[in-house]
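Student: First, the structure itself, so that you have it in front of you.
Just so it is clear, none of the values below were taken in a lab; they were calculated from the coordinates. Remember, predicted model here, so these are calculated numbers, not experimental data. Glycine gets a Cβ as well: all are built from the backbone with ideal geometry, and neighbour counts include every protein chain shown.
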Amino acid sequence: MKNIETVSPFDIETSKTASGTITVLTAAVELSHSGNLSLDGQSLIGIYVYNSRSYNLVYTFIDADGQVVNSYKEDDGILPRFFTSPAGKGYVSVIPYDPDKELEISIPLFDREHLEKPKGSKPFMGDFKGVVNNAVVFFDLDSLSDKKPDKMLVIGFKEEVLKKKNYVKIPLPAKNKMHISNHEIHLLARDNGQWVHRQVDEKGNEIKTRVISTSQTWFREILQLSFSGTGYLLTNSGGQLEIITLDMDGSVKKELLFDLGDELYNTWRPVQIGDGTCVVRFNTGAGNGWLVLKNGQLLELFYSKGQQGYKNLLTGEIIAMPVDNLILSGLNKTRENAYAVVFYPRTDKSEKNKRLIILNRESSLK
């Protein structure tokens, strides 16, 4: 296979502020964001860069100080899904062009010259969840069905070489949230009026199970979960953000975290940035933002409502942005207790977006 080639498709502006570094990538015609990943202390960002006739899929690396390290053009492929191998090497699953079929291949980002193009497989629609021993785990579920088992794609490695993809059906109950920590796969689902917490292996076999009795009918995200320590879940009641604590003995406690005043529409999977510390992005009908939490305690809450940028509702700190009405499209760890947030401006249907904005920030840990 051909190696990816270095390209320079953007005008780049970088500005340092007390709240972090803001990097603006501007394309000549149009661009769109397509995934991001933490890799070697940097942000790997997938970007479609359009010209008057076609587009290129570009991989851009930005370090934790907001400096663009390099950009590369994918030789043949679309719909990138980034992941890291058990050794921490960057990989991507893409769909190469084929007029007759749509098959996905998983290949390293670099050093492809001695690699033969692998046989394609049916694209797996789930999300990269993490690494367990010598395997990489993706997870997917059918949100409309309680009867269809949740699924894992488990990509096995041997001596740093991708060897095999296994498709695993997880035994019911379905509609689990998955949390991977310390090479353990944890699942939490609602079943028959109770919560079922399971630890499974890479083949879907149950290792441990416990049933948790609670009147709490749902939650949004798993912040921490294990059988050997305290678990924390994020949920909400209208505009009130709440934290649910799961003790080792199975007791459940819900507490108010913050009254946002606007009901949450969506949250996204927490991104672990340090020991017990994670970042969760969210949106409402009035804006979007992110939370930083450590062991169930709220450290930062940035919200765009009423701002050309984002205001920390805990401290009043404001991160000014070059434009308003931003869509928050990605977030990843960079170095320990630091993170990058990816934005792009909301545009009219007749207008093409040319800019991607990246904020690099150190978390204000207490």
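Student: Given 37 °C and 0.692 mPa s, compute D for the stretch 287-366 with the Stokes-Einstein relation, Rh being the Kirkwood radius over Cα pairs; round to the nearest whole µm²/s. The partial results should precede the final answer.
Tutor: Details: Rh = 13.5 Å.
Stokes-Einstein gives a translational diffusion coefficient of 243 µm²/s.
Student: Can you give me the C-alpha center-to-center distance between the stretch 343-366 and the stretch 13-59, rounded to a whole angstrom?
Tutor: The stretch 343-366 and the stretch 13-59 have Cα centres separated by 10 Å.
Student: Would you work out the charge dipole size for the stretch 200-332 about its Cα centre, treating the Cβ of every Lys and Arg as +1 and the Cβ of every Asp and Glu as -1, and quote it to the nearest 20 debye? Please list the in-between numbers first.
Tutor: Numbers: 11 positive and 15 negative charges, 23 e Å.
Computed charge dipole of the stretch 200-332: roughly 100 debye.
Student: Using DSSP to define loop residues, name the GluC sites (Glu not before Pro) in the stretch 242-328 whose beta-carbon has at most 15 other beta-carbon atoms within 10 Å.
Tutor: Working: sites: 242, 255, 263, 300, 317; in loops: 263, 317.
Passing sites in the stretch 242-328 are 263, 317.
Student: Can you list residues from other chains, or at least 5 along the same chain, whose modelled amide H is less than 5 Å from the amide H of residue 317?
Tutor: 312
Student: About the Cα centre, and with charges only on the beta carbon of Lys, Arg (+1) and Asp, Glu (-1), how big is the dipole of the stretch 100-243? Nearest 20 debye, please.
Tutor: Details: 22 positive and 20 negative charges, 85 e Å.
With only Lys, Arg, Asp and Glu charged at Cβ, the dipole is about 400 debye.
Student: Please list the three semi-axes, largest first and in whole Å, of the ellipsoid equivalent to the chain, using sqrt of 5 times the eigenvalues of its alpha carbon gyration tensor. The partial results should precede the final answer.
Tutor: Numbers: eigenvalues 207, 165, 64 Å².
Computed over the chain, the values are 32, 29, 18 Å.
Student: In what sequence do 273, 319 fall when counting other Cβ within 10 Å, fewest first? Can you show the working numbers first?
Tutor: On the way: 273 23, 319 20.
So the ranking, lowest neighbour count to highest, is 319, 273.
Student: Can you tell me, using C-alpha contacts under 8 Å and at least 6 residues apart, the relative contact order of the stretch 196-297 as a whole percent?
Tutor: On the way: 201 pairs, mean separation 18.0, N = 102.
Relative contact order here is 18 percent.
Student: A further question on this structure: Please report 349, 253, 89 as a ranked list, fewest other C-beta atoms within 10 angstrom at the top and most at the bottom. Walk me through the numbers before you get to the answer.
Tutor: Working: 349 5, 253 12, 89 17.
Listed from fewest to most nearby Cβ atoms, that is 349, 253, 89.
Student: Mean separation of Cα pairs under 8 Å and 6+ residues apart, divided by the residue count of the chain: what relative contact order is that in percent? It would help to have the intermediate numbers written out before the result.
Tutor: Values: 912 pairs, mean separation 47.0, N = 366.
Computed value for the chain: 13 percent relative contact order.
Student: Oh, and also: Could you size up the charge dipole of the chain around its Cα centre, putting +1 on the beta carbon of Lys and Arg and -1 on that of Asp and Glu, and report it in debye to the nearest 20? If you can, show how the numbers build up before the last one.
Tutor: Values: 44 positive and 45 negative charges, 134 e Å.
Rounded to the nearest 20 debye, it is 640 debye.
Student: Remind me, relative contact order of the stretch 1-115 in percent, using alpha carbon pairs under 8 angstrom and six or more residues apart?
Tutor: Details: 235 pairs, mean separation 26.3, N = 115.
So the answer I get is 23 percent.
Student: Distance check, please: which entries in 89/122; 122/158; 73/294; 73/333 exceed 30 angstrom between their Cα atoms?
Tutor: On the way: 89/122 23 Å; 122/158 22 Å; 73/294 37 Å; 73/333 23 Å.
Beyond 30 Å: 73/294.
Student: Quick one: 3J(HN,Hα) in Hz for the stretch 105-114, Karplus 6.51/-1.76/1.60 with θ = phi - 60°, rounded, Gly and Pro as x.
Tutor: These are the phi-based 3J(HN,Hα) values: 10, 10, 9, x, 5, 10, 6, 9, 5, 9 Hz.
Student: Per residue of the stretch 156-162, in order, report the coupling 6.51 cos²θ - 1.76 cosθ + 1.60 (Karplus, θ = phi - 60°) as ³J(HN,Hα) in whole Hz, putting x for Gly and Pro.
Tutor: Values per residue, Gly and Pro as x: x, 10, 9, 6, 6, 10, 5 Hz.
Student: A further question on this structure: Most exposed first by the Cβ proxy, i.e. fewest other Cβ within 10 Å, how do 183, 33, 114, 197 rank?
Tutor: On the way: 183 13, 33 19, 114 6, 197 22.
Starting with the residue having the fewest Cβ neighbours, the order is 114, 183, 33, 197.
Student: Can you list the HN-Hα couplings for the stretch 57-70, worked out from phi with the Karplus curve (6.51, -1.76, 1.60; θ = phi - 60°), rounded to whole Hz and with x for Gly and Pro?
Tutor: So the J values, rounded to whole Hz, are 8, 10, 10, 10, 9, 10, 7, 5, 9, x, 8, 6, 7, 5.
Student: Which Cα, out of 33, 77, 22, lies furthest along the positive dipole direction of the chain (beta carbon charges, K/R +1, D/E -1)?
Tutor: Going by the charge dipole, the pick is 77.
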